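The values are calculated or read from the model by the stated rules, or taken from the named source; none is laboratory data. Quick caveat: nothing in here was measured; it's all calculated off a predicted structure. When we count neighbours, we look across all protein chains shown, and the Cβ atoms used for this are built from the backbone with ideal geometry, even at glycine. SASA here: full protein model, heavy atoms, side chains in, ligands and nucleic acids out. Shrake-Rupley method; radii C 1.70, N 1.55, O 1.52, S 1.80 Å.
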Amino acid sequence: MVKIDEIKKVAVLGAGVMGHGIAELAALAGFETYLRDINQELVDKGMSMIKKSLEKFAEKKRITQEMMDQSWKRLHGVVDFDEAVKGADFVIEAIPEVMDLKKKTFKELDEKTPKHAILATNTSTLPISEIAGATKRPEKVIGMHFFNPPPLMPLVEIIRGEKTDDETTQTTVEMAKKMGKMVVVCRKDVPGFIVNRLLGPLLAEAARTVERGEATVEEIDSALAYKVGLPMGVFLVADYSGIDTIVKASEETKKRDPMAPGPQKLFVEKASKGEYGWKSGKGFYDWSKGRPSIPAGVGEKFDPVPLFAPVVNAAAWLIRNDVADPQDIDMGVKLGLGYPKGLCELADEWGIDRIVTILKEKEAKYGDYYKVDPLLTEMVNKGHTGVKAGKGFYDYAGAGYTYKATIFKREPPLAWLILNRPQRLNAINADLTADLDHCLTELWDDEEVRVLIITGAGDRAFCAGADITGFKGGTPNLGFEATRRLQMVTTRMEKFPKPIIAALNGFALGGGLEIAMACDFRLAKEGTFVGQPEILLGIIPGAGGTQRLSKYVGLGRAKEMVMLGDRVSVEEAQKMGLINRVFPPDKFEEEVKNFAKRLAAGPPIALKMAKYAINYGTEVPLDIGLMVESGVFGVLFGTEDMVEGTTAFLEKRFPKFKGK
Ligand code: COA
């Protein structure tokens, strides 16, 4: 078996759109990379595309000039097959999606690469096991489904063939991660794998909905873009991908998978008229004047949930057959298809019972394709109908408490509290304050959860402050009580025995910033703003803004922010010391998770004591603060984690902390 550290030479076969992008990633990851195609012209074209892409990365400061030069030196474009694969430790094949061609290539690879080499195929449709069958080492053959364009798309789907072994899977996962990608492992070689298996039914249902006269193309696309928040509607996606390509892919999938919806009449008719979409100038939309724009209002009346019911059904099939977990599915659709939320998360919000009712209605009208997956039936029978029940695909709540204004997700070692009033930019009301308080209680003694992350639903706001609509008819005493309550919760956050991260995915204003300031870390999405705008409403901050802000930014700046009410960009706020890190939008969730996981791997008791020493220390004279520091330092001396930390240091290994 080959470990990731032992891999020196990577061969990429095929210098086309996918191949050259993959080779670029391999070179950037530090491997000697051989890019091979069948003639010099194709190789040269691939290499020049890589050069351009590397230059663009350097220009945008995503890589340094040196990284660019070094990567370029590691790249070798060749036509000779033997030269490309001789001595390769890892091969990624990215030739055309033709089974016979792939089999022939893998047979040759098996003969010409070292016995330890892993042979990966970049495919989005073909069965891995069949390709592996052409070799004498099926346990070392694996699928690596990159998304187009590989250097920019954050996801790689890794697919195990029937015989792929654990070591090969592990090394391939590490290879993809080294290439800077997030990974979902598709545990079984099922047609469409995870992502395309879920894309197919959505396209099909959209087409059927139009065929049945229930909605227009524009209504569906508008609702998907503006109500669900997909990057674009499915018909626009079809126009981009090529309607003929979609028909062909649906035919291929149907051949191998009787459960697949197959090619839809609407698509077939378009393709037969030569209306392929963007590339032919006309598809579902007219492209003669550039990218069509779809107005937000058109889809207002269209309910998108029935469109997703068969997709959720397909997800349930994947979970029940142990192909993927809800987490894999959600990561797949978020990173591979740009969903704003995971499919299972959405299904939990819509209600599993509702999905089942829709499927039953469709089954009665249109037949077996809509047959409810037994997993969904079981979930409904057990009352696991989603967020409202506290349990669906995910666990949302502890016994008895219903989170009304937030979504609580426990994913040890992390837990998430998602402020969930997106229509009001997650503004704070009494329910939200109560949820926040309850979440702290619920996690206080939970040994499995080590870090809490607070973030906002939707992509516009973390939280836009107190709900101003609730101010009408307020009395001085109500104002006093409301602020006191939030103050008590934010103070509890500072006493909470584990790190709390505020993931600022949009505006953090007023009370939103005050909640964030009571967290231990503030990680922000590039391009967002923070501020204390209360003064503009004729009031002042009421949940610690006049007290905590100056600790982060100093008195002068705090007065400016509070008394002028200006919004400050997170980039500027980072310079002031208010924000810890700023991440680009496409990496935000991943970076937040990475940050949280690093904390979660730390020694829980020492983290708690560090938090207390700092938080309590700022409240008291230095002498007393230092006394607190010595006190908790002493406490740590008795812990098993301290023994583990010091032993691991001496044994030159990573420590494993248990919180004991
Ligand atoms: N309370 C109640 N509703 C709020 C809100 C708040 N604090 N902040 C935003 N909303 C609502 C808006 O009224 C609007 O509702 P509508 O669609 O029914 O009209 C919706 O959320 C979207 O906000 P909108 O103002 O249209 O978005 P925008 O992108 O133009 O501006 C903000 C975003 C955050 C700059 C702006 O909403 C704002 O200034 N909010 C108030 C912030 C504030 O003063 N907070 C302190 C409160 S003490």
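For the residues 534, 494, the requirement of being in a helix (DSSP H, G or I), within 13 Å of the ligand (Cβ to nearest atom) and surrounded by 14 or more Cβ atoms within 10 Å (Cβ to Cβ) singles out 534. Scan segment 8-17 for residues that are aliphatic (A, V, I, L, M) and either farther than 12 Å from residue 120 by Cβ or modelled with pLDDT under 95 (or both) and jot them down. If the condition is that a residue be aliphatic (A, V, I, L, M) and either farther than 12 Å from residue 120 by Cβ or modelled with pLDDT under 95 (or both), then 15, 17 are the ones that fit.
Close Cβ contacts (under 9 Å, 6 or more residues apart or on different chains) running from residues in segment 613-631 that are open to solvent by less than 90 Å² (accessible area, probe 1.4 Å) to residues that are of a type in the set (Lys, Arg) comprise 615/495; 618/551. Restricted to segment 213-241, and to residues there that are aliphatic (A, V, I, L, M) and closer than 14 Å to residue 340 by Cβ, the residue that is most open to solvent (accessible area, probe 1.4 Å) is 232.
Residues checked against (1) assigned by TED's automatic domain parsing to the domain that holds residue 457; (2) acidic (Asp, Glu); (3) within 22 Å of residue 491 (Cβ to Cβ); (4) within 16 Å of the ligand (Cβ to nearest atom):
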position: 550; (1), (2), (3), (4): yes, no, yes, no
position: 582; (1), (2), (3), (4): yes, no, no, no
position: 588; (1), (2), (3), (4): yes, no, no, no
position: 608; (1), (2), (3), (4): no, no, yes, no
position: 612; (1), (2), (3), (4): no, no, yes, no
position: 616; (1), (2), (3), (4): no, no, yes, no
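Step by step: first the residues of segment 551-566, then only those that are open to solvent by less than 30 Å² (accessible area, probe 1.4 Å) and part of a helix (DSSP H, G or I), then the one that is farthest from residue 578 (Cα to Cα). Which residue is that? That would be 562.
No other residue among 125, 135 is assigned by TED's automatic domain parsing to the domain that holds residue 91 and over 31 Å from the mean Cα position of the chain (by Cα) apart from 135.
Can we say residue 470 is within 18 Å of residue 515 (Cβ to Cβ), buried (at least 20 other Cβ atoms within 10 Å of the Cβ) and within 16 Å of the ligand (Cβ to nearest atom)? No, not satisfied. Within the set 516, 502, the sole residue that is buried (at least 24 other Cβ atoms within 10 Å of the Cβ) and either more than 14 Å from the ligand (Cβ to nearest atom) or outside the structural domain of residue 412 (by TED's automatic domain parsing) (or both) turns out to be 502.
The criterion of at least 1 residues that are open to solvent by 70 Å² or more (accessible area, probe 1.4 Å) and more than 22 Å from residue 193 (Cα to Cα) is met by the following strands (runs of 3 or more DSSP E) wholly inside segment 24-134: 32-36.
Quick check on this structure: which one of 307, 318, 266 is under 30 Å from residue 593 (Cα atoms) and among the hydrophobic types (A, V, I, L, M, F, W, C)?
Working: 307 fails: under 30 Å from residue 593 (Cα atoms); 266 fails: under 30 Å from residue 593 (Cα atoms).
On inspection, the qualifying residue turns out to be 318.
Among the criteria (1) part of a loop (DSSP other than H, G, I, E, B); (2) hydrophobic (A, V, I, L, M, F, W, C); (3) more than 23 Å from the chain's Cα centre (by Cα), the one residue 193 does not fulfil is (3).
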